[in-house]
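Trainee: Please read through the structure below; I'll follow up with questions.
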Amino acid sequence: MTSVSSMVAAIINLNQPDHYLSWSIFLVSLSNLIVIIVMVAIFSLALLLPFPHVPQSQTTSAAPGGTDQEAREPAEPVKRASAPEPGSAGMWTRAVREAWLRVLPPERLLPDSQPAYVASWVYVFGVAALAGLFMAILSGALIAIGGASWWETNPIGHFFNSMHMWSVELFMAFIALHLWAKFWMAAWRGKRSLTWISGLLAFLAAIVECFTGYLSQQNFDSQWIATNGKDAINATGLGGFFNLMDFGQMLLWHVVLLPLVLVGIVAIHVLLVRVRGVSHPLPVRGPRSTMSSRKARLSDAAEWTGPRRHYDIVKEASIATAVVFILTLALAGIFSSPDLPSVTIRTWAQVAPADFLGTAASELAGTSETARYGPPYNHGSSNVQQLGISLQRIAGVHEPINPAQAFVLSPLSTVAVTDPGLAAALKKYESAPPAQQKAWDAAYEGALDKVQFRAGAVIIPPANDGPVPTLLSTELSLARSGALDADLIARHAFYGTNFTYPLMFMEDGSYFAQEAKAQHMYGTQWGVMNETGSYPGQPWLWLYTLWYQVPGVGTSPNADLYAVALTGLGTLLLLATPFLPGISDLPRLVPIYRLVWKQWYGRQNNSGN
């Protein structure tokens, strides 16, 4: 096992603390900045590097679609399917088949030629994204063979997990590059708006898929993301139905539901590309009159009848998959993947017992953050967010939590069966009137400021705190033994994958947050990323995380709801890009498209067109 461990160990250890850079309201880790710079460099090289010359399979003196010249040679006729069997008229099967062949004949589904202007590296980003998705699914399937915790207990499993992480990073990077390219090419032209929308929806589905993947790992990273992300989900009223702290639920979303959605949208997107074809080059001369714009729209939507070049789609996909596979293996072998273990209540009680006791006392007294949180846990108000109306309150309480009962009294009652002293203290506390309980709790919390620990024993100055010291001293012992972790998870019976209780309990203390701060994972620290060590996080989440850095938004009591609303608005604007005059005109005003089609424009100039 030692030799295997050394074989799959990372060459460069990214579990070391990262470095952070700030500029204006932007804050980014060095590792994430490197990822973004590499993506920008790849995009720039794709625009600038000449595309390999491929002989054209069809030539004509006509100008390309989208230029002012309208002359066209007839397109190659579509091959017809064989004659239908006699007597098949009226059959649904025949009707569906013929409709499908009219929309997407075989030569469109697997074309062996493309318009001659498809000669830029930016056209490779789409197939590279598909290769990244294939590698992510393959590596995820390999992890599934060993089980959800395999990667944490076995070096081979950890290597497959590293492959999965880096294949996802490549997939998300290539799909982002693909969208960049299509935006600056105004690829929604010519009745291709649905192609643009489906591509953007695939990107959004991929973000949610990646998010649930982070949550499924049950390491420190997933714990911190879950406890922080829950506030935004709760603010929308969905927290009771999409519980980020239920890692079992997140795992099922990640491996079953979201992959079906993602693959389905990607399939629709690819079919739309095959049906509508790739968008024609933009005219070099820029804005046009109303009449010429109408001509341009008709030309963009028309079938391309200009020059074509040979295009081996199967070969291109195979090469892209091989390259992504090699990159995934290299990145997994060189850098591995994050391995910071999860934090437990046991660790907390052993390392910071005073903080644990103070938190347990606040849970018993009903003064903790969880006790005052609000929906979906209780009817408090301290964490309720609203913009005019509160979706959180409308959704109501769906995951009821009484911290005093759930975190303290109920676990103690299990032990009290075999501990007469604890049973007496528990009976005395529960039978006392609320006012008396409140007085005892307040007295204990006051005395706790002078707590001492001698040989592991809790020494608290005498106070009029009744049975509370006995209760919480036993609570500390339970926590140190690991029994409290097991009890709080067992509150959600059967599978034991819902970590809502232990995570909410730990979040009420200081130790959990201090560990996150030491890992540079605070919202004011990580900017556009959220990962341990020096690993890149999720730079594609910048549209969401950016709002927390804007003055006035990040410090607002409704910060999460503002971030969700503004991100939703930005997403809607991107989806509606083909129909918004100001945004859809940007590609013409910032002529990056000239670099995409520079070889085509040069060929047209040389031919005198």
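The values are calculated or read from the model by the stated rules, or taken from the named source; none is laboratory data. The model shown is predicted, which means the values in this text are computed figures rather than measured ones. Cβ placement follows ideal geometry from the backbone for every residue including glycine, while neighbour counts extend to all protein chains displayed. Side chains included, ligands, DNA and RNA excluded: accessible areas come from the protein's heavy atoms. Shrake-Rupley method; radii C 1.70, N 1.55, O 1.52, S 1.80 Å.
Trainee: Take LEU546 and decide whether it is within 18 Å of LEU179 (Cα to Cα) and surrounded by 15 or more Cβ atoms within 10 Å (Cβ to Cβ).
Mentor: Answer is no for this residue.
Trainee: Of the residues TRP121, TRP92, which is in contact with a Leu (Cβ under 9 Å, 6 or more places away or on another chain), open to solvent by 70 Å² or more (accessible area, probe 1.4 Å) and at pLDDT 50 or above? Walk me through how you get there before you give the answer.
Mentor: Details: TRP92 fails: in contact with a Leu (Cβ under 9 Å, 6 or more places away or on another chain).
Going through TRP121, TRP92 in turn, the sole match is TRP121.
Trainee: Among (1) at pLDDT 95 or above; (2) in a helix (DSSP H, G or I), where does PRO469 come up short?
Mentor: Going through (1) at pLDDT 95 or above; (2) in a helix (DSSP H, G or I) one by one, PRO469 breaks only (1).
Trainee: Another question about this same structure. Which helices (runs of 4 or more DSSP H) does region 510-609 wholly contain that include 3 or more residues that are polar (S, T, N, Q)?
Mentor: Numbers: elements: 511-518, 523-526, 542-545, 559-575, 581-584, 586-589, 593-596, 598-606.
Answer list for region 510-609: 598-606.
Trainee: Another one. For SER342, indicate whether it is within 22 Å of PHE220 (Cβ to Cβ), among the small types (Gly, Ala, Ser) and more than 28 Å from the chain's Cα centre (by Cα). I'd like the intermediate steps shown before the answer.
Mentor: Numbers: within 22 Å of PHE220 (Cβ to Cβ): yes; among the small types (Gly, Ala, Ser): yes; more than 28 Å from the chain's Cα centre (by Cα): no.
It is false that SER342 is within 22 Å of PHE220 (Cβ to Cβ), among the small types (Gly, Ala, Ser) and more than 28 Å from the chain's Cα centre (by Cα).
Trainee: Let me ask something else. Which one of these is within 23 Å of PHE325 (Cβ to Cβ) and among the charged types (D, E, K, R): GLU209, GLU152? Give the derivation first.
Mentor: Working: GLU152 fails: within 23 Å of PHE325 (Cβ to Cβ).
Just one listed residue meets the conditions, GLU209.
Trainee: Among the residues of region 137-169, which ones are surrounded by fewer than 19 Cβ atoms within 10 Å (Cβ to Cβ) and aromatic (Phe, Trp, Tyr)?
Mentor: Within region 137-169, just TRP150 meets the criteria.
Trainee: In region 134-158, which residues are closer than 13 Å to GLY213 by Cβ and in a helix (DSSP H, G or I)? Walk me through it before giving the result.
Mentor: Pass one, region 134-158, residues closer than 13 Å to GLY213 by Cβ: 136-137, 139-140, 143-144, 148, 151.
Within region 134-158, ALA136, ILE137, SER139, GLY140, ILE143, ALA144, TRP151 meet the criteria.
Trainee: Tell me which residues, restricted to region 472-484, are surrounded by fewer than 20 Cβ atoms within 10 Å (Cβ to Cβ) and either part of a loop (DSSP other than H, G, I, E, B) or among the small types (Gly, Ala, Ser) (or both).
Mentor: Once the filter is applied, which keeps residues that are surrounded by fewer than 20 Cβ atoms within 10 Å (Cβ to Cβ) and either part of a loop (DSSP other than H, G, I, E, B) or among the small types (Gly, Ala, Ser) (or both), region 472-484 yields SER473, SER477, SER481, GLY482, ALA483.
Trainee: Next question. Does THR497 count as buried (at least 21 other Cβ atoms within 10 Å of the Cβ), modelled with pLDDT under 90 and of a type in the set (Val, Ile, Thr)? Break it down stepwise before answering.
Mentor: On the way: buried (at least 21 other Cβ atoms within 10 Å of the Cβ): no; modelled with pLDDT under 90: yes; of a type in the set (Val, Ile, Thr): yes.
No; evaluated as a whole, the condition is false for this residue.
Trainee: List the residue pairs whose Cβ atoms are under 8 Å apart, where the first residue sits in region 514-530 and is over 15 Å from ALA226 (Cβ atoms), the second is at pLDDT 80 or above and basic (Lys, Arg), and the two are 6 or more positions apart or on different chains.
Mentor: Hits for this filter: GLN525/LYS517.
Trainee: I'd like the residue in region 368-393 that is over 23 Å from VAL553 (Cβ atoms) and in contact (Cβ under 8 Å) with a residue 60 or more places away in the chain and, out of all such residues, is farthest from the chain's Cα centre (by Cα). Before the answer, list the steps.
Mentor: Quick first cut of region 368-393, residues over 23 Å from VAL553 (Cβ atoms) only: 368, 370-372, 376-380.
Narrowing further to those that are in contact (Cβ under 8 Å) with a residue 60 or more places away in the chain: 368, 370, 376-377.
Values: SER368: 30, THR370: 26, PRO376: 23, TYR377: 25 Å.
My answer is SER368.
Trainee: Determine whether ALA173 is part of a helix (DSSP H, G or I) and under 17 Å from the mean Cα position of the chain (by Cα).
Mentor: yes
Trainee: Looking only at region 124-136, how many residues end up being open to solvent by 20 Å² or more (accessible area, probe 1.4 Å) and aromatic (Phe, Trp, Tyr)?
Mentor: Residues meeting the conditions: 1.
Trainee: Residue check: is LEU33 modelled with pLDDT of 85 or more and surrounded by 13 or more Cβ atoms within 10 Å (Cβ to Cβ)? Give the derivation first.
Mentor: On the way: modelled with pLDDT of 85 or more: yes; surrounded by 13 or more Cβ atoms within 10 Å (Cβ to Cβ): yes.
Considered against the rule, which asks whether it is modelled with pLDDT of 85 or more and surrounded by 13 or more Cβ atoms within 10 Å (Cβ to Cβ), LEU33 comes out as yes.
Trainee: Select from region 221-267 the residues that are more than 29 Å from THR370 (Cβ to Cβ) and among the β-branched types (Val, Ile, Thr) and list them in ascending order.
Mentor: VAL255, VAL256, VAL261, VAL263, ILE265, VAL266
Trainee: Can you find a residue that is more than 22 Å from LEU33 (Cβ to Cβ) and free of Cβ contacts under 8 Å to residues at least 60 places away in the same chain anywhere in region 168-181?
Mentor: As a first pass, look at region 168-181 and keep what is more than 22 Å from LEU33 (Cβ to Cβ): none.
Within region 168-181, none of the residues are more than 22 Å from LEU33 (Cβ to Cβ) and free of Cβ contacts under 8 Å to residues at least 60 places away in the same chain.
Trainee: Let me ask something additional. Open to solvent by 10 Å² or more (accessible area, probe 1.4 Å), at pLDDT 95 or above, in contact with a Ser or Thr (Cβ under 7 Å, 6 or more places away or on another chain) and of a type in the set (Phe, Trp, Tyr) - does that describe any residue in region 197-216?
Mentor: no
Trainee: Scan region 224-267 residue by residue and report those that are open to solvent by less than 40 Å² (accessible area, probe 1.4 Å), of a type in the set (Gly, Ala, Ser) and free of Cβ contacts under 8 Å to residues at least 12 places away in the same chain.
Mentor: GLY264, the sole residue that qualifies.
Trainee: Also, I was wondering about something else. Can you tell me how many residues in region 556-609 are basic (Lys, Arg) and either open to solvent by less than 60 Å² (accessible area, probe 1.4 Å) or touching a Lys or Arg at 6+ places or on another chain (Cβ under 8 Å) (or both)? Don't jump to the end; show me each part of the working.
Mentor: Pass one, region 556-609, residues basic (Lys, Arg): 588, 594, 598, 603.
Going one step further and asking which of them are either open to solvent by less than 60 Å² (accessible area, probe 1.4 Å) or touching a Lys or Arg at 6+ places or on another chain (Cβ under 8 Å) (or both), we end up with none.
Count: 0.
Trainee: Taking the conditions exactly as written (β-branched (Val, Ile, Thr), buried (at least 18 other Cβ atoms within 10 Å of the Cβ) and in contact with a helix residue (DSSP H, G or I) (Cβ under 6 Å, 6 or more places away or on another chain)), does VAL553 satisfy them or not? Steps first, please.
Mentor: Numbers: β-branched (Val, Ile, Thr): yes; buried (at least 18 other Cβ atoms within 10 Å of the Cβ): no; in contact with a helix residue (DSSP H, G or I) (Cβ under 6 Å, 6 or more places away or on another chain): yes.
Against the criterion (β-branched (Val, Ile, Thr), buried (at least 18 other Cβ atoms within 10 Å of the Cβ) and in contact with a helix residue (DSSP H, G or I) (Cβ under 6 Å, 6 or more places away or on another chain)), VAL553 does not qualify.
Trainee: I've got another one for you. Taking the conditions exactly as written (open to solvent by 40 Å² or more (accessible area, probe 1.4 Å), part of a helix (DSSP H, G or I) and among the acidic types (Asp, Glu)), does GLU303 satisfy them or not? I'd like the intermediate steps shown before the answer.
Mentor: Values: open to solvent by 40 Å² or more (accessible area, probe 1.4 Å): yes; part of a helix (DSSP H, G or I): no; among the acidic types (Asp, Glu): yes.
No: the conditions fail for GLU303.
Trainee: Is at least one residue of region 326-345 within 30 Å of TYR501 (Cα to Cα) and outside any loop (DSSP other than H, G, I, E, B)?
Mentor: Looking only at region 326-345, we keep the residues that are within 30 Å of TYR501 (Cα to Cα), and these are 337-345.
In the following step, the residues that additionally are outside any loop (DSSP other than H, G, I, E, B) were identified as 345.
Yes: one or more hits.
Trainee: If you scan region 349-365, which residues turn out to be open to solvent by 30 Å² or more (accessible area, probe 1.4 Å) and under 35 Å from the mean Cα position of the chain (by Cα)? Explain how you work it out, then say what you get.
Mentor: Initial filter on region 349-365 (open to solvent by 30 Å² or more (accessible area, probe 1.4 Å)): 350-351, 354-355, 365.
If the condition is that a residue be open to solvent by 30 Å² or more (accessible area, probe 1.4 Å) and under 35 Å from the mean Cα position of the chain (by Cα), then GLN350, VAL351, ASP355 are the ones that fit.
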